[in-house]
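Before any comments, here is the structure.
Only the coordinates and a few stated rules stand behind these numbers; no lab work does. Note that the coordinates shown come from a computational prediction; the quantities given were computed from them, not determined experimentally. Methodologically, a virtual Cβ is constructed for each residue, glycine included, from the backbone with ideal geometry; neighbour enumeration extends over all protein chains shown.
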């Protein structure tokens, strides 16, 4: 196969491992800086160009689009879909996952476990939002935040209300969620490929930090998940339409609740924690599924 990876930093562990795994299986793979790709939108024959050359003969694309360039990255990915190129994760599915509010609404519609979540436009409803989320302490999240950035804990009614008002004063969109105290600063990252759980790890936050993200100094170890947690992760991936994703779960007293579904999950933490060849499994999935014109949306979404 001739594989194109859309990524800005070829030196990241995840990107280097995907290249390594593809080349081990005798595939050709090139990394293209997403922001350096450009397109002829009006052509009767869709095309993507890169440094003056038209990108042709590509069998599959691996989108590793950073959250800060989601809009442009999805435009490039849609163009590949219009060309009939198979995408590891499709543009519509990535768009759903990147919109925290929309993804929660979709998951809720499927009856999946979620923390109680409140959302409003005005800070005038801050007291009611906190009450809807079960009262302080509450977790306040920026809709556009990633890797634990823009996630704060409002420990008292007064501090939570002040945080909400401050965020809204900056015109930032936020979610207010119940704080799952029993999780103890731990979450579970479940890695799903092609509708199957291939690995899972427990992540624990740094000392004194309720966030468990590895980017924020957390640690990881392999974990055995329950059948309910496995089913929740698989159903979440299916609901959003993602072939490959990391589903982040908290163990609440009433069962697993989904914190987030990541459409471009990092590979380093899960590979080092579990010893599994996740990059190889991703390339294997492409081998089995990448066919011209097999993309469902064909850039229509």
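If you take the beta carbon distance between residue 287 and residue 173 as r and set R0 to 35 Å, what does 1/(1 + (r/R0)^6) give as a FRET efficiency, to the nearest 0.05?
About 0.30, to the nearest 0.05.
Hey, what angle do you get for helix 100-109 against the long axis of the chain, alpha-carbon based, 0 to 90 degrees rounded to 10?
Helix 100-109 and the main axis of the chain meet at about 80 degrees.
Using only the alpha-carbon atoms, how far is helix 227-240 inclined from the longest principal axis of the chain? Give it as 0 to 90 degrees, nearest 10.
So the helix axis and the longest Cα principal axis differ by about 60 degrees.
Counting only helical runs of four or more DSSP H residues, what would the 222 nm mean residue ellipticity of the chain come to if each run contributes -39,500 (n - 2.57) and the total is spread over all its residues?
-9500 deg cm²/dmol
Note down, for region 117-179, the three equivalent ellipsoid semi-axes (square root of 5 times each alpha carbon gyration tensor eigenvalue), biggest first, whole angstrom.
15, 13, 10
With contacts defined as alpha carbon pairs under 8 Å and 6 or more residues apart, what's the relative contact order of the chain in percent?
Relative contact order of the chain: 20 percent.
With no solvent and one point on each alpha carbon, what is the Debye value of log10 I(q)/I(0) for region 182-277 at q = 0.17 Å⁻¹?
Treating every Cα as an identical point scatterer, log10 I(q)/I(0) equals -0.67.
Alpha carbon centre of region 174-208 versus region 235-301: separation in Å?
14
Dimensions of the chain along principal axes (Cα, Å, largest first)?
Cα spread of the chain along its principal axes, largest to smallest: 58, 43, 33 Å.
Taking a temperature of 20 °C and a viscosity of 1.002 mPa s, what whole-number D in µm²/s does Stokes-Einstein yield for region 2-88 with Rh from Kirkwood over alpha carbon pairs?
163
Which angle from 0 to 90°, rounded to the nearest 10, does the C-alpha axis of helix 278-289 make with the longest principal axis of the chain?
Helix 278-289 sits roughly 60 degrees off the main axis of the chain.
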